[in-house]
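Colleague: Here it is: the structure, laid out below.
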Amino acid sequence: MTQTMITPAYEPACGGSASVHNYGVMHPDPVLLSDMTSAERGAVYRYLARFAELDDAKIFYAYGHAYELARKDAERGLYATMA
């Protein structure tokens, strides 16, 4: 299995390492992240960074609700605009 490295400009906090959980759910998933805006990617990383341990449910929620997480961040003023 090969891993795609994410460049530092893409997401500096990522570090390029991925963790795989019970059902093969991987974070970060470069394929899913590539379809997101930078605001959505940032929101996914911030949401998952809150947890010491990641499980499949948290990862599914973050990727499935990226738009809503980014919208909440924008409402809090974390992003002036959603790219």
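Colleague: Can we say Glu53 is part of a loop (DSSP other than H, G, I, E, B), of a type in the set (D, E, K, R) and at pLDDT below 85?
Modeller: Details: part of a loop (DSSP other than H, G, I, E, B): yes; of a type in the set (D, E, K, R): yes; at pLDDT below 85: no.
Spelling it out, it is not the case that Glu53 is part of a loop (DSSP other than H, G, I, E, B), of a type in the set (D, E, K, R) and at pLDDT below 85.
Colleague: May I ask you to list the residues in the range 64-83 that are modelled with pLDDT of 90 or more and surrounded by 18 or more Cβ atoms within 10 Å (Cβ to Cβ)?
Modeller: Ala66, Leu69, Ala70, listed by residue number.
Colleague: Could you look through the range 20-43, keep only residues that are more than 14 Å from Phe60 (Cα to Cα) and part of a loop (DSSP other than H, G, I, E, B), and pick out the one that is modelled with the lowest pLDDT?
Modeller: Per the stated criteria, the residue is Asp35.
The values are calculated or read from the model by the stated rules, or taken from the named source; none is laboratory data. What you see is a predicted model; the values in this text were computed from it and never measured. Here the Cβ is made from the backbone with ideal geometry for all residues, glycine too, and neighbour counts use every protein chain on show.
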